[in-house]
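Engineer: If you scroll down you'll find the structure; I have some questions about it.
The values are calculated or read from the model by the stated rules, or taken from the named source; none is laboratory data. Computed from a predicted structure; not experimentally measured. Heads up, the Cβs are rebuilt from the backbone with ideal geometry, glycines too, and the neighbour counts pull from every protein chain shown. Side chains included, ligands, DNA and RNA excluded: accessible areas come from the protein's heavy atoms. Shrake-Rupley method; radii C 1.70, N 1.55, O 1.52, S 1.80 Å.
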Amino acid sequence: YDVLAHLTCPLRYINGKYKRNASSRRYEEKIIAILKYIIKNAIAMEINTSGIGNGFLMPDEWIIKKFKDMGGYLITLGSDTHMSQNVGNGFGEALEILKKYGFVNCYYYKNRKNIQYKI
């Protein structure tokens with residue numbers, strides 16, 4: 001696989017639909033191990049914007065920052081949309097968050113090759 005997506009997807013339901021207050025920080029050690037693995041193996045991390053309208057991003061911002069601090073740079077964007085009119089929802093906000101943490105590029109994949117574009 002080329003992109004790790006939906007790293008914190010269960011929280012979308014646990015905290016959103018079921019109104020719990022779970023934190024991804026509880027799994028920080030495991031998340032860091034995953035980040036080490038994907039960085040070492042040149043696997044991109046998807047920033048999924050499907051929750052931006054509800055006040056959350058997947059993965060959480062601390063994970064995005066940790067990924068950058070650990071040397072990660074391969075970032076893709078996904079909007080998890082099921083209707084064409086929603087493609088790209090939240091990308092503007094996600095790009096601002098990425099800039100905040102020092103990212104200057106994003107990537108998309110074509111034929112399993114990453115293609116860079118400036119934020």
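Engineer: Normalising by the residue count of the chain, find the relative contact order in percent from Cα pairs under 8 Å and 6+ residues apart.
Structural biologist: Over the chain, the number comes to 23 percent.
Engineer: Okay, next question. I need the phi-derived Karplus couplings for the stretch 16-21: 6.51 cos²θ - 1.76 cosθ + 1.60, θ = phi - 60°, integer Hz, Gly and Pro marked x.
Structural biologist: Each residue of the stretch 16-21 in turn: x, 5, 9, 6, 8, 10 Hz.
Engineer: Just reorder TYR117, TYR108, TYR101, TYR18 by solvent-accessible area, largest first, 1.4 Å probe, all chains present.
Structural biologist: TYR18, TYR108, TYR117, TYR101
Engineer: Need one word for the stretch 67-119: rounded, prolate or oblate. Basis is the Cα gyration tensor (sqrt eigenvalues a ≥ b ≥ c); a/c below 1.5 gives rounded, then a/b vs b/c decides.
Structural biologist: Note, shape of the stretch 67-119 comes out oblate.
Engineer: What distance in nm lies between label points placed 7 Å from Cα along the C-beta direction at LYS30 and ASN86?
Structural biologist: In this crude spin-label approximation the distance works out to 2.7 nm.
Engineer: Which percentage, to the nearest 5, of the DSSP beta bridges contained in the chain is antiparallel?
Structural biologist: Taking every DSSP beta bridge with both residues in the chain, the antiparallel ones total about 55 percent.
Engineer: Over the chain, with every protein chain in place, what whole percent of the accessible area is carbon and sulfur at 1.4 Å, could you tell me?
Structural biologist: The computed percentage sits at 51.
Engineer: Under a 5 Å amide H to amide H cut-off, with H placed in plane at 1.01 Å, what residues pair with ILE75 once short-range neighbours are removed?
Structural biologist: Sorted by chain and number, the residues that satisfy this are MET45, TYR107.
Engineer: For Cα Rg over 2.2 N^0.38 Å, one of (i) 1.38; (ii) 1.03; (iii) 1.09 was computed from the structure I shared and the rest are decoys. Which label?
Structural biologist: (ii)
Engineer: A further question follows. Mean-square fluctuation check for the chain, GNM, Cα pairs under 10 Å: which of ILE31, ILE14, ILE43 is largest?
Structural biologist: ILE14
Engineer: Still on this model: Measuring with a 1.4 Å probe in the full set of protein chains, what accessible area per residue, in whole Å², belongs to the chain?
Structural biologist: Accessible surface, normalised per residue, equals 63 Å².
Engineer: Could you report the accessible area of THR8 in Å², rounded to 10, computed with a 1.4 Å probe on the protein chains as they sit in the structure?
Structural biologist: For THR8, the solvent-accessible surface is approximately 10 Å².
Engineer: Using DSSP loop states and a limit of at most 14 other Cβ atoms within 10 Å to flag trypsin sites (Lys or Arg not before Pro), what is the longest stretch of the chain containing no flagged site?
Structural biologist: With a cap of 14 other Cβ atoms within 10 Å, the longest stretch comes to 21-111.
Engineer: Relative to the present Cα-Cα distance, how much length would full extension add between TYR117 and TRP62 at 0.36 nm per residue of separation?
Structural biologist: Going from the current span to full extension adds 17.5 nm.
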